[in-house]
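Here the structure comes first, spelled out in structure tokens, and everything after it is commentary.
The values are calculated or read from the model by the stated rules, or taken from the named source; none is laboratory data. Everything numeric in this text was worked out from a predicted model, so none of it was measured. Note: ideal-geometry Cβ built from the backbone for every residue, glycine included; neighbour counts use all protein chains shown.
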Amino acid sequence: MQNNPWFAPLVWMDYRLAVLFTVIVPLILLIWAFVKKNEAIQRLLIIYWRVASLLAITVYLMINAIPISFVTGIVARLLIPVSLWFWADINEEINDLPQRELKLAITSWRWGITVYSLLGAILGTPFLTCAISSKQALLSNPFCRVWLDPPWGYKQIFHANTNEAFLGFLAILALIIYVSYLSYFIFFRLGKQGRSAMEQ
């Protein structure tokens, strides 16, 4: 059995922080925004969930040890801050909200996940070399393989009886749909829509 690299505990910590910052907190905020009937925050978080779905796709790509997952993980970390700060109309509406708990919570989370995502993208850059490895090399190299351990643990909990190749196929299909929608938005809708989130 190969020894894990020294940074393996940091990788596991990163996944735990990701669950907190990218799943649990935004889900609580979305429910809170619906209860408070705050449409601006609802729109922001719905856009966030669409963009952040690339992180989920990345996890399933990693379950099947597909090297491109190292690229999609970094791209997701870069797209998330963009999705949270790009929309001028939402920014204005949130800025105009009264100083109450929901505004403080959404503002704190936006800054927190922005810093977390950008740091993660920077620190993940050296691992882009794993994206040009073959699957076999990926599995045999502890430097890359350590990033696959948490997704494999996730699979054992939620998909114990499902074939890795099937999950990988679904992830590739989801990635194709994601890239198609993102390309359509960038090349066709962005020029007309600008920084307004009203049509999102």
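Structure values in brief
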{"read-out": "Residue match in the stretch 151-158 (condition: basic (Lys, Arg), assigned to a helix (DSSP H, G or I), farther than 15 Å from residue 68 by Cβ and under 18 Å from the mean Cα position of the chain (by Cα))", "value": "yes"}
{"read-out": "Any helices (runs of 4 or more DSSP H) falling wholly within the stretch 1-100 and containing at least 3 residues that are free of Cβ contacts under 8 Å to residues at least 12 places away in the same chain and closer than 30 Å to residue 169 by Cα", "value": "8-19"}
{"read-out": "Search result, residues across the stretch 101-115 that are buried (at least 17 other Cβ atoms within 10 Å of the Cβ) and in contact (Cβ under 8 Å) with a residue 40 or more places away in the chain", "value": "102, 106, 109, 113"}
{"read-out": "Residues of the stretch 68-105 satisfying the condition of being under 16 Å from residue 196 (Cβ atoms) and of a type in the set (Gly, Ala, Ser)", "value": "83, 88"}
{"read-out": "Index of the failed condition, residue 85 passing every other in (1) farther than 19 Å from residue 154 by Cβ; (2) in contact with a Phe, Trp or Tyr (Cβ under 7 Å, 6 or more places away or on another chain); (3) among the hydrophobic types (A, V, I, L, M, F, W, C)", "value": "(2)"}
{"read-out": "Filter pass, residue 80 being crowded, with 21+ Cβ neighbours inside 10 Å and either at pLDDT 95 or above or over 13 Å from the mean Cα position of the chain (by Cα) (or both)", "value": "yes"}
{"read-out": "Candidates 189, 195, filtered to the one that is surrounded by fewer than 16 Cβ atoms within 10 Å (Cβ to Cβ) and free of Cβ contacts under 8 Å to residues at least 40 places away in the same chain", "value": "189"}
{"read-out": "Index of the failed condition, residue 16 passing every other in (1) exposed (fewer than 14 other Cβ atoms within 10 Å of the Cβ); (2) modelled with pLDDT under 95; (3) in contact with a Pro (Cβ under 9 Å, 6 or more places away or on another chain)", "value": "(2)"}
{"read-out": "Filter result for residue 118 (within 28 Å of residue 183 (Cβ to Cβ), in a helix (DSSP H, G or I) and under 15 Å from the mean Cα position of the chain (by Cα))", "value": "yes"}
{"read-out": "Residues of the stretch 145-187 that turn out to be in contact with a Gly (Cβ under 9 Å, 6 or more places away or on another chain) and among the charged types (D, E, K, R), as a count", "value": "0"}
